[in-house]
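> Take a look at the following structure, please.
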Amino acid sequence: MTGLSSFASKFKGQVLDTIREHGMVSPGHSVLIGISGGPDSIALAQVLTSLKKSLDIRIGLAHLNHMLRGSHALADEAFVREFARAHNLDLVVETKNVAELSKKQRLCVEEAGRNARYEFFTRIACEKGFQRVALGHNRDDNIEQVLMNLVRGTGPLGLRGIPPVRQEKFIRPLIRMPRADILAFLNEIHQAYRVDGSNEDTSYLRNRIRHCLIPFLEKEFNPDIKAGLERLSGIIGPEDDFLDRMARTALDKATTGREKNQIDLSIPTISELDRALGARVIRAALLSIKQNLRRISNTHIRDILCFAGKKGDSGKSLDLPGQLRVYRYRNILRIKKEETALRTLGRHLKTRRYQNGQPDENPAADPCIK
């Protein structure tokens, strides 16, 4: 990347600003780049390669072949191998039959693929000593995610979109860069990339958002709708973080007991909270036991609060997705992840729609790895 044009230099500087603004890396860190061969991950690898000396970081690449696109997937893998060889970068490649995983786990292909990728990246980072995993999500991905969550029905978590940093491990240095600028950058430096034809398939919601809804909104309502949605995401993010910190503090005060798969909460303490904060406390408690909020909806949270507020229900229980059961003992609300399937334990108090569960508030928070 010697002799960069003014555009390419500006692009690299903007990515560096994002890295520094969010404290994505520290000197001495090793960064694993999730690379598909598409324009986003290739641009990310190019930029981080050029910045590794100034940032004092080590970088490596990881590629997961999903076995979903036949010869095209094999060509993607070959392209990534050649890219790694040309840039003298360490590369780990694995193959996973995502379609088979989807059937086995009873998940859609997109979610099964996402889970497989994150498991792969997390495992390789641990095995190879990488402190960070860099992913190629960009500004347009974030805008599309906000709209996807909005049309599905969401709260603040969904409207904040894709976080620049997640779990202090996954980083997204391109999250402020428009897709058009990424393509222009690659063109400027004469860097080839792979194109995934499935990105044009409007049977997928994300692609309908990208190719149909956003152009319609730009034409009929606001030609600068992308900037507006990005602004919305940026405003909600810090406010949501603030409320989450308040919820964690309130959860600590409400907790009366804690075991590996169980947490006990004081009902009087929760009842004194504003209902909005109480809902966040319940959500945080569920997250601490379940480790994720998939299939947990706002309806579940409301029903738990209602259950806690009922009198005369001591000894009864409420079933949730993920083998979670909520018990009420006088002034204690116990959330427990049972080791045995709930149907074999018997049902005490059932509420509507719990067997199949509801979509998470922020479904598929991360689109396909770029």
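The values are calculated or read from the model by the stated rules, or taken from the named source; none is laboratory data. From a predicted model like this one, the values you see are computed outputs, not experimental measurements. FYI the Cβ positions are ideal-geometry reconstructions off the backbone, even for glycines, and counts take in every protein chain you see. For the accessible areas, the whole protein counts, side chains as well, though only heavy atoms, and no ligand, DNA or RNA atoms are used. Shrake-Rupley method; radii C 1.70, N 1.55, O 1.52, S 1.80 Å.
> Which of the residues belonging to the stretch 168-203 are hydroxyl-bearing (Ser, Thr, Tyr) and touching a Ser or Thr at 6+ places or on another chain (Cβ under 9 Å)?
193
> Hey, another quick one. Restricting the search to the stretch 307-329, which residues are out of contact with any His (no Cβ under 7 Å at 6 or more places or on another chain), of a type in the set (Lys, Arg) and in contact (Cβ under 8 Å) with a residue 24 or more places away in the chain?
328
> Kindly list, by first and then second residue, each pair from a residue in the stretch 101-120 that is in a helix (DSSP H, G or I) to a residue that is of a type in the set (S, T, N, Q) and open to solvent by less than 80 Å² (accessible area, probe 1.4 Å), limited to pairs with Cβ atoms under 9 Å and residues at least 6 apart or on different chains.
101/115; 105/115; 109/102; 110/102; 111/102; 112/102; 113/102
> Scan 44, 61 and give me the residue that is within 22 Å of residue 180 (Cβ to Cβ), at pLDDT 95 or above and of a type in the set (A, V, I, L, M, F, W, C).
44 is the lone residue from the list that is within 22 Å of residue 180 (Cβ to Cβ), at pLDDT 95 or above and of a type in the set (A, V, I, L, M, F, W, C).
> If the requirement is being in contact with a helix residue (DSSP H, G or I) (Cβ under 7 Å, 6 or more places away or on another chain), open to solvent by 50 Å² or more (accessible area, probe 1.4 Å), assigned to a helix (DSSP H, G or I) and at pLDDT 95 or above, which of these qualifies: 183, 147?
Only one candidate passes the filter, namely 183.
> Is one or more of the residues making up the stretch 27-39 part of a helix (DSSP H, G or I) and either open to solvent by 70 Å² or more (accessible area, probe 1.4 Å) or under 22 Å from residue 164 (Cα atoms) (or both)?
yes
> Separate question: Based on what the data block shows, is residue 304 among the β-branched types (Val, Ile, Thr), touching a residue at least 60 places away in the same chain (Cβ under 8 Å) and out of contact with any Ser or Thr (no Cβ under 7 Å at 6 or more places or on another chain)?
No.
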